[in-house]
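Only one structure is covered here, and it is reproduced in the block below.
The values are calculated or read from the model by the stated rules, or taken from the named source; none is laboratory data. Predicted, not measured: the structure shown is a model, and the values here were computed from it. All Cβ positions, glycine included, derive from the backbone under ideal geometry; neighbour counts span all protein chains shown.
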Amino acid sequence: MNNYLDSIIKRDPAARDKLSIILTYPGVKAVFFHHLANKIWNNKFYLIARIISQFSRFLTGIEIHPGAKIGRNLFIDHGMGVVIGESSIIGDNVTLYHGVTLGGISPAENSEDQRNSKRHPTLLNNVIVGSGAQILGPITVAEGSRIGANTVILKDVPANATMVGNPAKNISTNTDTSFKPYGVRDFDDNK
């Protein structure tokens, strides 16, 4: 728990102390409830797991399906409106801002054919996803990538890319692995 809280303090300049993070950050509560719901889901108590995830959604405004696989130190900043689908996989040290969707492409079409299939994205380690971004389908966002606010991702993203727009375009493959909030980095036109 201490490492998790320290990882949030490193990524959020508004984080003042661990107690305030525990008491006031909805993303921390959502991740806690997800870990509980996921354990219950993995033991095949699906209804109880869904009830816990819906209670968490009611409290936090963040919807994480109990079947989603989440690595260490997921930081959901602000969080309202975040949706993480059932077959999503999230690596370590990932940051999501409010309004992010990790969803399927056509969930209302051929639902029976889509059951028990990988239909949501995979985000590898150290990915940052800006506010309102939509990452849709069974694609992979590779390690260290940045997804700008309101970007729509429908195809795999290479490592260390900076994706913006709709449709998404890679504007940079940056080897700088330091944390850049909101998926943005400084650009120098003279280089």
Review point. Has segment 93-106 got at least one residue that is out of contact with any Phe, Trp or Tyr (no Cβ under 9 Å at 6 or more places or on another chain), surrounded by fewer than 16 Cβ atoms within 10 Å (Cβ to Cβ) and over 24 Å from S145 (Cβ atoms)?
Key: yes
Practice item. Considering every residue within segment 103-117, establish whether at least one is over 12 Å from the mean Cα position of the chain (by Cα) and at positive phi. Key: yes
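The rows are residues; the columns are (1) within 23 Å of I128 (Cβ to Cβ); (2) touching a residue at least 24 places away in the same chain (Cβ under 8 Å); (3) buried (at least 19 other Cβ atoms within 10 Å of the Cβ).
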residue	(1), (2), (3)
I52	no, no, yes
I62	yes, yes, yes
R72	yes, yes, no
G91	yes, yes, yes
S111	no, no, no
Check your understanding: Is there any pair with a first residue in segment 29-45 that is surrounded by 15 or more Cβ atoms within 10 Å (Cβ to Cβ) and among the polar types (S, T, N, Q) and a second that is modelled with pLDDT of 95 or more and part of a loop (DSSP other than H, G, I, E, B) whose Cβ atoms are under 8 Å apart and which are 6 or more apart or on different chains, and what are they?
Key -> N38/P66; N38/G67; N38/A68
Practice item. For D77, state whether it is charged (D, E, K, R), surrounded by fewer than 19 Cβ atoms within 10 Å (Cβ to Cβ) and within 11 Å of the chain's Cα centre (by Cα). Key: no
Practice item. Test each condition in (1) closer than 21 Å to T140 by Cβ; (2) in contact (Cβ under 8 Å) with a residue 24 or more places away in the chain; (3) surrounded by fewer than 18 Cβ atoms within 10 Å (Cβ to Cβ) for R11 and report the one that comes out false. Key: (1)
